[in-house]
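Bear in mind these aren't lab numbers, they're just calculated from the coordinates by the rules spelled out. The structure presented is a predicted model; accordingly, all values stated were derived computationally and were not measured. In this analysis, Cβ positions are derived from the backbone assuming ideal geometry, glycine residues included, and neighbour counts consider all displayed protein chains.
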Amino acid sequence: MPQTDPYPHYIEFRHVYKTFDKPVLVDVNFHLDPGETVAIIGRSGVGKSVTLSHIMGFLKPDSGRVVVAHEDITDMAESELRRIRRRVTMVFQSGALFDSLTVAENVLFSLELRGDYNEKNKEEVVNGLLDMVDISAARDAFPSDLSTGYKRAVAIARALAAQPQCVLYDEPTTMVDPIMSDHLSDLMLRLKKQLSLTAVVVTHDLDLMYKVADRVVFLYEGSVIYHGRVADLHKSNHPHIQEFLELDRVA
């Protein structure tokens with residue numbers, strides 16, 4: 001009998017608990033496979049961003065196991081986590097750009113962290129990434145010159161410069177106008193199809209969820225009350241999910 005893979009999923013939470021002043025994650029279980037996009041939804045304060053922090057290794061669970069890139073990272077030292085973070089990168093809600101660098105320089109900074117890029121064609125690579133996210137015209141601008149939506153697009157280009165296998169998006173369409181929201185969601189869908197990126201999207205935006213996600217994890221009071229196909233979410237009889245969907249329809 002061949003030995004089975006102990007970590008067949010690209011990301012997996014196994015009975016994860018995390019408490020600060022109160023329980024934030026309570027027996028959380030979910031997984032996603034390579035090339036999938038999973039949306040994590042729920043009201044504010046239910047543990048969505050804490051979940052992303054566990055995937056990045058910024059936080060460790062009180063109990064349970066966290067698997068990322070087919071490896072158990074729960075007890076990994078920071079030096080080992082840096083290796084994992086070369087495969088999995090995060091697009092922060094704030095963009096987390098360097099204010100003193102131009103758009104092109106912000107993307108170049110991420111590119112230069114790689115050991116395999118060619119110094120001679122770095123400008124070509126940066127321009128290609130900016131073209132990919134449709135912000136070439138802003139290459140010489142500084143972050144302070146950009147809207148929130150454009151900063152997110154720059155942050156996505158910078159994340160892609162690291163050639164990750166997986167991207168984590170933290171509320172990518174929050175505080176942007178509807179046109180830019182559509183642009184960002186179209187961009188995420190295009191990257192998913194062109195690059196076969198694995199992705200986790202924390203969002204309140206159900207339009208974004210329906211557009212880009214294959215499956216959804218619904219958190220309520222720190223627990224997973226739904227983990228399944230996006231198309232089947234409306235079939236859940238959980239009253240909180242039905243209320244959430246109804247409020248979205250009204251909005």
- prompt: Just the Cα atoms of segment 97-163, one point each, no solvent: what log10 I(q)/I(0) does Debye give at q = 0.15, 0.17, 0.28 Å⁻¹?
  reply: -0.38, -0.49, -1.30
Degrees separating the helix 239-250 axis from the principal Cα axis of the chain, which is the longest one: 40 degrees
- line: Counting sequence-distant residues (5 or more places) and residues on other chains, those with an amide H built under 5 Å from that of Y226 are F218
query: How much length, in nm to one decimal, is gained on full extension between A141 and F58, taken as 0.36 nm per residue of separation minus their Cα-Cα distance?
result: 26.8 nm
query: In whole percent, what relative contact order does the chain give with Cα contacts below 8 Å and a gap of six or more residues?
result: 25 percent
message: Neighbour counts of other C-beta atoms within 10 Å: give me T148, T173, T102 arranged from fewest to most.
response: T148, T102, T173
- prompt: Hey, what number do you get for the chain at 222 nm if only DSSP H runs of n ≥ 4 count, each worth -39500 (n - 2.57), divided across all residues, to the nearest 500?
  reply: -11000 deg cm²/dmol
- prompt: Most mobile of A77, A153, A141 per a Gaussian network model of the chain (Cα springs, under 10 Å)?
  reply: A77
- prompt: Separation of segment 178-211 and segment 121-168 by C-alpha centroid, Å?
  reply: 16 Å
- prompt: Which ³J(HN,Hα) values, rounded to whole Hz and listed in residue order, are derived for segment 83-91 from phi using the Karplus coefficients 6.51, -1.76 and 1.60 in 6.51 cos²θ - 1.76 cosθ + 1.60 with θ = phi - 60°, glycine and proline given as x?
  reply: 5, 5, 6, 6, 9, 10, 10, 10, 9
- line: In degrees rounded to 10, the 0-90 angle between helix 103-112 Cα long axis and the longest Cα principal axis of the chain is 80 degrees
- prompt: Once the dipole of the chain is set up with Lys and Arg at +1 and Asp and Glu at -1 on Cβ about the Cα centre, which of T203, L189, Y226 lies farthest towards its positive end?
  reply: Y226
field: Phi-based couplings in Hz for segment 206-218 (Karplus 6.51, -1.76, 1.60; Gly and Pro marked x)
entry: 5, 4, 4, 4, 5, 6, 10, 8, 8, 9, 9, 10, 9
Efficiency of FRET from Cβ geometry, A96 and D75, R₀ 25 Å, rounded to 0.05: 0.40
Segment 154-246 - share of DSSP beta bridges that are antiparallel (%, nearest 5): 55 percent
- prompt: Which percent, to the nearest 5, of DSSP beta bridges fully inside the chain are antiparallel?
  reply: 55 percent
- request: Neighbouring Cβ atoms within 10 Å as the yardstick, rank V107, V176, V16 fewest first.
  value: V176, V16, V107
statement: Out of L206, L219, L160, a Gaussian network model of the chain with alpha-carbon springs under 10 Å gives the largest mean-square fluctuation to L206
- prompt: If you put +1 on each Lys and Arg Cβ and -1 on each Asp and Glu Cβ, how big is the dipole of the chain around its Cα centre, in Debye rounded to 20?
  reply: 320 debye
task: Provide the packing ranking of 17-25, 178-186, 50-58, i.e. peptides ordered by the mean count of other C-beta atoms within 10 Å per residue, highest first.
output: 50-58, 178-186, 17-25
message: Using Cβ contacts closer than 10 Å as the measure, can you line up Y210, Y150 from fewest to most?
response: Y210, Y150
task: Cross-chain or 8 or more residues apart, Cα under 18 Å: how many lysine pairs in the chain fit that? Count them up, please.
output: 7
